[in-house]
1. Might you check whether a residue that is of a type in the set (D, E, K, R) and open to solvent by less than 20 Å² (accessible area, probe 1.4 Å) occurs anywhere in segment 208-215?
2. Confirm whether residue 362 is outside the structural domain of residue 287 (by TED's automatic domain parsing) and part of a helix (DSSP H, G or I).
3. Tell me which of these residue 552 doesn't satisfy, since it passes every other one: (1) buried (at least 19 other Cβ atoms within 10 Å of the Cβ); (2) free of Cβ contacts under 8 Å to residues at least 24 places away in the same chain.
4. One residue is enough: does segment 86-107 have a residue meeting the conditions charged (D, E, K, R), under 20 Å from residue 30 (Cβ atoms), modelled with pLDDT under 95 and away from the ligand (no atom under 16 Å from the Cβ)?
5. If you go through segment 617-633 one residue at a time, how many are exposed (fewer than 11 other Cβ atoms within 10 Å of the Cβ) and assigned to a loop (DSSP other than H, G, I, E, B)?
6. Would you call residue 5 assigned to a strand (DSSP E or B), away from the ligand (no atom under 11 Å from the Cβ) and not hydrophobic (A, V, I, L, M, F, W, C)?
7. What do you reckon, is residue 349 touching an Asp or Glu at 6+ places or on another chain (Cβ under 8 Å), among the aliphatic types (A, V, I, L, M), modelled with pLDDT of 90 or more and outside the structural domain of residue 30 (by TED's automatic domain parsing)?
8. Limited to segment 147-201, what total is found for residues that are away from the ligand (no atom under 16 Å from the Cβ) and in a strand (DSSP E or B)?
Amino acid sequence: MSVEKLQFQAETKRLLDLVVNSIYTNKEIFLRELISNASDALDKLRIESLTNAELGGSDEPEIFVVPDAATKTVTISDNGIGMTREEVIANIGTIAKSGTKDFLDKLREASGAAAQELIGQFGVGFYSAFIVADKVELLTRKAGETSAVKWTSDGAGEYELEDCEKDSRGTTIILHLKEEFCGEDEYNFTDVYEIERLVKKYSDFVRYPIKMNFEVKGKEEDAPTIEIRTVNSMKPLWTRAKSEITREEYDEFFKQQLHEWEEPIEIFHVKAEGTVEYTALLCIPKHAAANLYYADYEAGLQLYSRHVFIMDKCKDFLPDYLRFVKGLVDSPDLPLNISREILQQSREVKVIGKALEKNIQKQLAKMLKDDRDKYEEFWAQFGKSIKLGVYGSVFDTKLKDSLKDLLLFQTSHEKKFSTLAEYVERMPEFQKKIYVAAGKDAAAIERLPQMELLRERGLEVIYLTDPVDEFTLEALRTYADKEIQSITRENFELDDAESQKVKAEVEEIAKSREDLLKDVKEAIGEPVHEVRLTSRLKSGAVCLATGANSPSLTMEKTFAAMNNPYLKATQILELNPNHAVFKKLEDVHARGKDSSEFKELCKTLYSVALLLEGVMPNDPAELANKVTDLLTK
Ligand code: ADP
């Protein structure tokens, strides 16, 4: 039969227009698509051979990829099922994919970035060849037939079909590369090593060998010889039985697959065959990425379907607080050409994600129980993520419950890390609440004047040294039915009889000093909401408490750093009536509340209270002058 010219179906034409004009940002995907087709053709042959043994012949299934700089081509061939002339017309001239028309209509209405986004989600399969080629030849011979057919097109409206010679079963696709992909710009698809890299990147786990020719230089006088090598590793590690895989193999896999430099600290290999079938191979890296908590960090898992790579960085499987988990999911229940958009709404993805989240939580809990050192190592790197998870779960009691026992905090007890359960376990009978204090570091918290009394009573305090800690515990509110109480909040008090007695005494004194307290507040002015007497100080003269429902001083700092300077702490200045400074204050006050001596004394006390909380007073120079004055007096 002579050359036959045929028109592409209208929709194919429109789609080809898009591809030829190269709107695809990822130029490399053509190879993955064509190899994936070749692999499917080998699958089909294998299945048909089950009932027709003669079809397969004696040759082993294989895929060959041959880049050639001289002819500026890349050839991809397989010895799979092949196609008849009719099948070529039906498969390669038309698009059977449902939703193509809708997609094209949507695309026509979209523009710029929105159009790019849409295109990126729509796989074009075989037509992706036209991303890199200005002419494509396809030679194919159906298994069991003797005749072959050649299909040729430049992707512009029509294609040619003619009979041809092909001495073996299968399909060969020759891509005549556009100039820009032959090494002039950033791509060189005529380069063996470049193509080898792409095969490894996108098709490493294809179940059939992907072979390439490599030139091997002999001795100087010898001509180079050609060596055929299989480029892909073929057997996906995750499909093997867990019991057969060594830790070294897992480690090596993650290094190769995820470009990790070190062995992961923990590995999850999950296989499920319930409503949704999937295998997941996940890990927790040894170190947190430097940008883990920044907007430019790209979280997400790799997605495979039947061992064929579909996409990277799928964020839809795991919740944000597990953003540090890396790895892949392979599920035959997710189609190869699934778009990111559809992925987001996929029921299968939700089912898989929920199961993985639970699995990770369980494994972390086990690590905490069985290998405390390892867990603390994990915590040092990723504890913040778990804390953010609790913080983000204000309205999700179930999530909160499943994360609260994973939390670790440093406490005043031997300065070690402790779970909340361990803290509660150590609480004395009379202690009703869980005590916490925030500060820059343990030393800063230990210097808080409020700590003195607790230390004396042997009461343990949880140190909140990471800005997120306070937010996390505010979200938690209680643990084991015990309220979480900051020792710097206005409503903090000790529950024992002795403390209650002292408190009553101080309240009695306060009644007769109402005027003084009012005048101190007036002298300091705006920043202080109230001035009170306190029973919570021992040797300290003053301290600053914050309102029970306002942000704390440390939270105020965090808000300010986040460009939110309006969320402020309600400050309450507390004075120790048993301190010599208080007596002095009374004396000076008696001489006149409007005297500059009284006003200065009040302001200095306030500055001191701020400093004790690690907050710089508004006018540090003024305070410095006063201190030097005092020294010279
Ligand atoms: P998809 O692979 O999503 O079906 P493609 O456009 O990539 O879409 O391919 C269309 C069809 O062409 C395939 O379904 C298959 O029937 C046929 N085809 C493509 N490549 C080959 C090949 N190498 N061998 C046999 N058939 C092929």
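The values are calculated or read from the model by the stated rules, or taken from the named source; none is laboratory data. Since we're looking at a predicted model, the values are computed, not measured. We place every Cβ from the backbone using ideal geometry, glycine too, and count neighbours over all the protein chains shown. In case anyone asks, the SASA skips ligands and DNA or RNA and just uses the protein heavy atoms, side chains included. Shrake-Rupley method; radii C 1.70, N 1.55, O 1.52, S 1.80 Å.
1. Of segment 208-215, the ones of a type in the set (D, E, K, R) are 211, 215.
Subset that is open to solvent by less than 20 Å² (accessible area, probe 1.4 Å): none.
No; the residues of segment 208-215 include none that is of a type in the set (D, E, K, R) and open to solvent by less than 20 Å² (accessible area, probe 1.4 Å).
2. Values: outside the structural domain of residue 287 (by TED's automatic domain parsing): no; part of a helix (DSSP H, G or I): yes.
No: the conditions fail for residue 362.
3. Looking at each condition in turn, residue 552 falls short on (2).
4. In the first step, residues of segment 86-107 are kept if they are charged (D, E, K, R); the result is 86-87, 97, 101-102, 105-106.
Applying the additional criterion that residues be under 20 Å from residue 30 (Cβ atoms) yields 97.
Among the residues that remain, those that are also modelled with pLDDT under 95 are: 97.
Next, from what is left, pick out any that are away from the ligand (no atom under 16 Å from the Cβ): none.
Looking through segment 86-107, none of the residues is charged (D, E, K, R), under 20 Å from residue 30 (Cβ atoms), modelled with pLDDT under 95 and away from the ligand (no atom under 16 Å from the Cβ).
5. 1
6. Numbers: assigned to a strand (DSSP E or B): yes; away from the ligand (no atom under 11 Å from the Cβ): yes; not hydrophobic (A, V, I, L, M, F, W, C): yes.
Taking the combined requirement at face value, the residue satisfies it.
7. Numbers: touching an Asp or Glu at 6+ places or on another chain (Cβ under 8 Å): yes; among the aliphatic types (A, V, I, L, M): yes; modelled with pLDDT of 90 or more: yes; outside the structural domain of residue 30 (by TED's automatic domain parsing): yes.
Spelling it out, residue 349 is indeed touching an Asp or Glu at 6+ places or on another chain (Cβ under 8 Å), among the aliphatic types (A, V, I, L, M), modelled with pLDDT of 90 or more and outside the structural domain of residue 30 (by TED's automatic domain parsing).
8. Of the residues in segment 147-201, the ones away from the ligand (no atom under 16 Å from the Cβ) are 154, 156-158, 160, 162-163, 165, 167, 176-198, 200-201.
From the residues that got through so far, the ones that are in a strand (DSSP E or B) too are 158, 160, 162-163, 176-177, 182, 188.
The total comes to 8.
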